[in-house]
Amino acid sequence: MPKSVQDVYHDFIWNNLNQDLAETLYDTPLVIMHDLYSRAPPILEKYRETLWHLPEKMSLLKKELISVNRNLGALTPGVHEAIETLESGAVEAAHQTVALGGPVYILNKAATAHRIATMTTERGLNLAPFFCVADYDIVQPELTNMRTPLMGKEGNLVSIPVPEEYKFSPVSQLPLPGKDWYEQVEESIRANYRPMFKALEGSARKVVDERLEQALSITRWAYINSTTAGNWAQRILARLFNIEGDLGIPLVPASSIEIRNLLVEGMEFLLSRKARERCLRAFDDTTTLIIESGYNPGMGRRDSSYVPFFYECPNEGCHRSRMELHYIDQGATVVLAGTCPTCGERIEIETPADTPYLGEVATHLSPRVDSRQFLVDTIIPTVAHIGGPGETAYYAQVIPCSKALDIPFPLFIKYPRVYFNTHWGESLGKSLEEKGVTILHRKDLFSIAGKITRFRRKERYDEMNDALSSLHDLIVSTHAGLNEHLREIGEKMDGLKGKDHHEMRSLKLEIERYLSWA
Ligand SMILES: [Zn+2]
């Protein structure tokens, strides 16, 4: 099977391989975060040539962001200051709105954006961090479900029910269920942590009990103050980023009506005949290049009817059902056509092909995954985007489009994932170790972790990177070993009966649980 295109990024950063591909697909990504200081100024210079960030537009944006972040209960002095300085250059992280605020790595994204902006500012180039909330995506299991830890390997499922009439709506529209539902959610989370906390005694037990209650008080406060799934997630994130932490990272929700009115200028640009054609060609050439170089692209090819945004049905009862539009070339004009999946009405938007005007429908348009960054850049001069593995894959197809359009585009930086230990993961590890299983929580891990810290403190970076690389190998090989162990157990179990079979089965469950926790 071909490797993912994100390996191009990794191999360049860690082993200085694939220089040509890394240049084409990632605009030669930063190897050291510190280097944003020297790489950002030419990008900012290019932004100044665009006239995208004129004072009038910037003051509308600031006004809206102050109001949004105040409503979220997180307009701290740091957030306020970041809003005031976004126009001189910014570092972005982004994510969708997910039940309970979403997976923990979203915090890594925000923290990395904050850290990189701070490092660059300390060197004398002022950059502000912000967090773009992609709250326009259609209701889907990935966004309405979240798992919290449980003794089993599956996790405890927290699921926001989707009423039939919201099946095609953006998450920003999905209503939150009543108080009974929320109370059940809280109780299920408590009930599932309890057996894990059992292993702890005395003050350690008291601390984790209190931490859990503190966490639940945040999700409860956010729930009480929100009416939609999108808003609930935003409140949790705003609170964690800026009140629990003090990152000074404003949230920029893409579905706010005022922000949609500002994003439309970028949509008109991307839709204009020349830009659209250049972009489609670059996207196609890049996809071919990725495949011919032996990698899997993050996104499929675009067809010739591609429109760089979606439309939300304005009809009553459709709850902004989201639909794809198709490009119908009629010479001087273009028709964007789509059909509402809820009411079945056919939508047609007609506009000049060379210089489109979308002002009248602006509040019903929303970005796509591959146009989001371009659109955000037209309202905030973004010099770096912090992303995860998924984004590493699809930015490889988006970055070359910005070159074809000759417009500024942020450098892509993959955030360092932080993992943390838990009491229950460690005690499960111990129990497995006693049964002869090779686990991650072992001496080698702690000794490498110690080395990384020591070398970093002594600024011996080459040795630190070697240690990081062995940490990577240790994690990957332990993971592979545990999966191999599972496979062997599966084979052995076939030949066993009674007590032996039962013991083997419980070992299998323990390993599976460990794999899902560690
Ligand atoms: Zn409709």
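Things to note:
- Environment charge of Arg457, counting only residues whose C-beta is closer than 13 Å and scoring Lys/Arg +1, Asp/Glu -1: +3
- Note on exposure: Ser59, Ser304, Ser272 ranked by accessible area (1.4 Å probe, complete protein assembly) read Ser304, Ser59, Ser272, with the most exposed listed first.
- Counting heavy atoms of the protein chains alone, Arg281 has an accessible area of about 140 Å² for a 1.4 Å probe.
- Placing +1 on each Lys and Arg Cβ and -1 on each Asp and Glu Cβ, with no other charges, gives the range 423-517 a dipole about its Cα centre of roughly 340 debye.
- With all protein chains modelled, accessible area of Arg115 [1.4 Å, Å²]: 120
- Angle in degrees between helix 6-15 and the longest Cα principal axis of the chain, rounded to the nearest 10: 70
- Solvent-accessible ranking of Trp52, Trp221, Trp232, largest area first, probe 1.4 Å: Trp221, Trp52, Trp232
- Restricting attention to the chain, close to 55% of DSSP beta bridges with both partner residues there are antiparallel.
- 12 Å beta-carbon shell around Leu432, net charge (K/R +1, D/E -1): 0
- Heavy-atom surface analysis with a 1.4 Å probe gives the chain a carbon and sulfur content of 52 percent of its accessible area.
- For the range 423-517: lysine pairs under 19 Å (alpha-carbon distance), excluding those fewer than 8 apart on one chain: 10
- Placing +1 on the Cβ of every Lys and Arg and -1 on the Cβ of every Asp and Glu, with no other charges, gives the range 66-207 a dipole of roughly 680 debye about its Cα centre.
- On Cα atoms only, tilt of 55-71 relative to the major axis of the chain in degrees: 40
- Neighbour net charge for Tyr311 - beta-carbon separation under 10 angstrom, K R +1, D E -1: 0
- Cα-centre dipole for the chain with unit charges at Cβ (Lys and Arg positive, Asp and Glu negative), debye to 20: 1440
- Given a 1.4 Å probe and the protein chains as shown, Trp14 ends up with an accessible area of around 130 Å².
- Acute angle (nearest 10 degrees) that the helix 389-405 long axis makes with the longest principal axis of the chain, alpha-carbon atoms: 20
- Cα lying deepest toward the dipole's positive end in the chain, options Leu509, Phe168, Pro77, charges on Cβ: Leu509
- Probing with 1.4 Å while keeping every protein chain in the model, the per residue accessible area of the range 409-504 equals 67 Å².
- Accessible heavy-atom area order of His326, His95, highest first, probe of 1.4 Å: His326, His95
The values are calculated or read from the model by the stated rules, or taken from the named source; none is laboratory data. Only a predicted model underlies this, so the values are computations on that prediction, with no experimental measurement involved. Every residue, glycine as well, gets a Cβ built from its backbone with ideal geometry; the counts of neighbours run over all protein chains shown. In case anyone asks, the SASA skips ligands and DNA or RNA and just uses the protein heavy atoms, side chains included. Shrake-Rupley method; radii C 1.70, N 1.55, O 1.52, S 1.80 Å.
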